[in-house]
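Novice: Sending over a structure as C-alpha cells; questions will come in a sec.
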Amino acid sequence: MTQEDPHTDDSAIQISVTASTHKPSDTILASLMNGIRIPQSTNFELYQHKKRKLNDLIIHGENENLLYDGAIKDGENSVSGAPEYCLGLYDPTSRSLKLIRTKLIPTKTEPKKFLKVSENYEDMSKVTYMEQRNRLGAEFGTSRAKAALNSYKKNRVDASKLAESELDIAEGIQKTTDSMPNRAKLTEMIELENRLIPPYNQDATAVEDVYPLEGIISATEQNLIKVDVLLKEIQNGTEARKLLEYMPYYSENGNYLERKLAAISPDTQDAKLKLQIVYYISVLMGLYFNRRSRTKDKLLEELQNPPASLILNKCLETFTDYNGKRSHFYMDPMNEDRLICYILVLMLKLEDYSLAVSPLAQELATKPSKLSSLLRSLGCTSKVATVSEREAWGLPRSSGSYKISQLRVPFKLPPMIRRIPRGGQSNRH
C-alpha cells in the first residue's frame, strides 16, 4: 500500500504500510498528563486477570518520586470491550509505517510524598523469618500460643548483649567449675544422702565407732530417758517379764526386749547405757508396729508408756512426713526400711555386733531375706552360726542352717543397688 504526498510537486513519496499481527493486549497505550515526561528508569508492570477471557488489565509504574496506576475492566467504555486504538510506528530509513492495535488504559499520576504511610511502617524484608512468625503469633495466635510466646521471650537470652561480658562470663564459669565436685566425690555425696542407714564413720578402726550412738540417740534424748527405776528393779531381782511394764512398747509375740533386760547386770558400768538403748529400741518398735496409726494421738494410745514428747516427735520427723504442725503422719516403704536399719544398729551394739537373722525376722515380723539385705546394707557380713552362737540365741544346736550377720572393721559399705519392685517404689540401701 502506498500513499502520495500532496505537498510535493516533483514526485510522489511512497510509504509502505503494514499491520502488526500482535494482539491488542500485547501493547498498551497509557494516557498521562499533557507534557509529562517519564524517566527512563521508571519500571512498569502489567497485570492481567487470571481468567484471560475477562481481559481485565492493570498497569503500575514507579520511580523515586511518582507512582503511575491505571486499569480497565472487560466491557468498559464500549460494547465489545475496552476501546481499541491503532498506533503507527514510522521508520524513516525504510519509509515504512507499521500499524499496531492496542488498548487505552486511563492512568493517573501521584507523588509518593502524598501517600499516607503508617508511622510504624517497617520494611519486613529486613526482618527475619522467626521474628515475622512471632509477630503473627502475638497478633493472631491462640491464648495458648501467645502464652508460650511470652514465656519464650522472657527466658530468651540475647547473645549479642553478652558479647562485651564474654571474658567475665568465662572467668565466672571457670571459678564455679573449679569448686564443683568430681564424679567420684559426687557419687559419694549422692550415696551419703540416699542411703537409709544411720550416720557412720567410714574410717573407724574399732567396730564400736562405726555407728556413733549420737547419730541415733542424741545427748538430749539420753538425758530424757530415765532408767534409774529400772536399774533399781534389776538390783532387787525383779524378773524381766515384770520389767517390760516400764517399756514404752513391747510385743506379746516377741521376746527380744525381755531377753535383753534379763541379760543386763546392774553391777557393770554400762548397765545404764544399755537400759537406755533397750528403752529407745522399744520406742522405735512401737512406732514400727503402729506405723499405720496415721495420727499422733492414735499412736500414743497404742503405746504402753509414751516416751517424752521430744523423743516421740524426733522419731516421727525422722521416719515419717510429720512436721510438728499437724497430727497426721505417713511412713512410706523407704522409711520403714530406714526404721528397721536404726533398730538393727542399736541391737548390734547390745549383741556385741553379731545378730541372728531368723529370730530377728520373726521379732520384727519381716522376711529373713529382707532382713539379710538390710544387714548387708549396714556393712555386715553373713556366716553360718556356731554352736555357741546358736545357744546364745536359743536356737537348736543340731541345725546348721542359721545365719549370723557380723559387723567388722575395716568398715566397707556395699555399692548401692536400685531395685524397682512391682509396686513401683524403689528401695535404696
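The values are calculated or read from the model by the stated rules, or taken from the named source; none is laboratory data. These numbers were taken from a predicted model, which means no experiment stands behind them. Because the Cβ atoms are built from the backbone with ideal geometry, glycine has one as well, and the counts that use them run over all protein chains shown.
Novice: With of a type outside the set (Asp, Glu), touching a residue at least 60 places away in the same chain (Cβ under 8 Å) and assigned by TED's automatic domain parsing to the domain that holds Lys349 as the only criterion, which of Ile311, Ile264 stands out?
Specialist: Ile311
Novice: When the range 365-419 is examined, which residues are found to be surrounded by 12 or more Cβ atoms within 10 Å (Cβ to Cβ), of a type in the set (Ser, Thr, Tyr) and at pLDDT below 85?
Specialist: Hits for the range 365-419 are Thr386, Tyr402.
Novice: Among the residues of the range 211-258, which ones are in a helix (DSSP H, G or I) and under 49 Å from the mean Cα position of the chain (by Cα)?
Specialist: Leu213, Glu214, Gly215, Ala219, Thr220, Glu221, Gln222, Asn223, Leu224, Tyr256, Leu257
Novice: Something else about it: Identify, from the list Thr2, Thr8, Thr21, Thr42, the residue that is among the β-branched types (Val, Ile, Thr) and either surrounded by 11 or more Cβ atoms within 10 Å (Cβ to Cβ) or modelled with pLDDT of 85 or more (or both).
Specialist: Thr42 is the lone residue from the list that is among the β-branched types (Val, Ile, Thr) and either surrounded by 11 or more Cβ atoms within 10 Å (Cβ to Cβ) or modelled with pLDDT of 85 or more (or both).
Novice: A further question on this structure: Check off (1) in a loop (DSSP other than H, G, I, E, B); (2) modelled with pLDDT of 75 or more; (3) in contact with a helix residue (DSSP H, G or I) (Cβ under 8 Å, 6 or more places away or on another chain) for Gln202 and give me the number that stays unchecked.
Specialist: (3) is the only condition that Gln202 fails.
Novice: Next question. Of the residues Leu230, Leu196, which is at pLDDT 90 or above and either of a type in the set (Lys, Arg) or surrounded by 14 or more Cβ atoms within 10 Å (Cβ to Cβ) (or both)?
Specialist: Result of the check over Leu230, Leu196: Leu230.
Novice: Name the residues in the range 134-149 that are within 27 Å of the chain's Cα centre (by Cα) and surrounded by fewer than 12 Cβ atoms within 10 Å (Cβ to Cβ), would you?
Specialist: Within the range 134-149, Thr142, Ser143, Arg144, Ala147 qualify.
Novice: Still on this model: Could you pull out the residue among Ile190, Ile173 that is in a helix (DSSP H, G or I), at pLDDT 75 or above and out of contact with any Lys or Arg (no Cβ under 8 Å at 6 or more places or on another chain)?
Specialist: Ile173
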